[in-house]
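Asks: Structure provided below as structure tokens; questions to follow.
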Amino acid sequence: MTDKLDKSPSDTPPPGDSVSAGAASGPAPETIKAIPVRHYGRWISGVIVVALLVALGIAFSQGNIQWHTVSDQLFVSSVVQGAGRTLLISILAMIVGVVLGILLAVMRLSKNPVTSTVAWLYIWFFRGTPVYVQLLLWFNLALIFPVLNLGPIYKNNMTDVMTPFMCALLGLGLNEAAYMAEICRAGLLAVDEGQTEAAQALGMSHTKTLFRIVIPQAMRVIVPPTGNEFINMLKTSSLVYAVTYNELLRSTSAIGSTSYAVMEMLFVASIWYLAMTSVFSVFQYYLERYYARGSSRSLPPTVFQKIKANLIGLGSERGKG
């Protein structure tokens, strides 16, 4: 048998009522005050870096450098023309490298053993030898082939064909093609094979699939390293000094050797190189941002947006401090 439940009212309040009554009669909870963490290490490291920069600036200001010569020679006609030639040879060599690199990448991925082997040998040779050596090989090609004889099409002395400009273009462009081939091959392999299978199921040819489906998607992988290669090309172009091509470094060195302002003219060349690489770095960033639209839900911030965010963050930290 079970005992009967006592249903008579009790004088003790239910547990819930006692809790609510106690909460109502007790003191209110205190507001939590968040104290920001002090990042003393950031300030210490910042002070150390600024001190090192100031010490470096003082050292250069006290050195035997004629800074007025740097400012006077910065926009001399021969220097500006040399910078223009540097830009020209870099752009043309990069075009040769990109076009030939895409062709080599397709050959490398081909199922034809002859074309894939030839592409591999090309990449192996031009990546395995220094650019400086390749430039000298083109410059001294007349020692092996005195005459360029293409039969009824063209015939001329090799010294007339291999001008400093042609040596610089072939030396830089063909070397760049080997690196661009590997970059393009990596980009093509990054595209999912299902894309190619779907295009083939729709009846698209291999060429149409490559240029309409695969390459547009591979550009997101190809563009960032290609931008880095072009910026590197701007600096590597200084090696064509060896083939007597009158680019930026040769122009500034000629002025420095006659005026005995060797270091000053090297600073002039460095300023021009920094200016050109900085401009093209901005172009590269916005080009990467453009091709990131298909893979990122939110585009990366622009340069001005980054600066604004950093300024706002610095102001909020000072306000909290």
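Asks: Given a 1.4 angstrom probe, I'd like the percentage of the accessible area of region 64-198 that is carbon and sulfur, rounded to a whole number.
Replies: Values: 5200 of 7650 Å².
Roughly 68 percent, rounded to a whole number.
Asks: In Å, what Kirkwood hydrodynamic radius results for region 162-226 from the alpha-carbon pair distances? Mind dumping the intermediate values first?
Replies: On the way: mean 1/r = 0.0742 Å⁻¹.
Value: 13.5 Å, from the Cα pair sum.
Asks: Shifting gears a bit: Please give me, ordered by residue number, the trypsin sites (Lys or Arg not before Pro) of region 192-224 that lie in loop per DSSP and have at most 15 other Cβ atoms within 10 Å. Walk me through the numbers on the way to the answer.
Replies: Values: sites: Lys208, Arg212, Arg220; in loops: none.
Filter output for region 192-224: empty list.
Asks: In what order, largest first, do Phe267, Phe211 sit by accessible area if the probe radius is 1.4 Å?
Replies: My answer, sorted largest first, is Phe211, Phe267.
Asks: Give me a comma-separated list of calculated 3J(HN,Hα) values for region 138-144, in order, Karplus coefficients 6.51, -1.76, 1.60 applied at θ = phi - 60°, integers in Hz, x for any Gly or Pro.
Replies: 5, 5, 9, 5, 5, 5, 9
Asks: Next question. Under the Karplus relation 6.51 cos²θ - 1.76 cosθ + 1.60, θ = phi - 60°, what is the ordered set of whole-Hz ³J(HN,Hα) values for region 92-109, x standing for Gly and Pro?
Replies: 5, 5, 5, 4, 4, x, 5, 5, 5, x, 4, 4, 5, 5, 5, 5, 5, 8
The values are calculated or read from the model by the stated rules, or taken from the named source; none is laboratory data. None of the values given here were measured: they were computed from a predicted structure. Cβ: placed from backbone, ideal geometry, glycine included. Neighbour counts: every protein chain shown. Heads up: the accessible areas ignore ligands, DNA and RNA and are worked out on the full protein's heavy atoms, side chains in. Shrake-Rupley method; radii C 1.70, N 1.55, O 1.52, S 1.80 Å.
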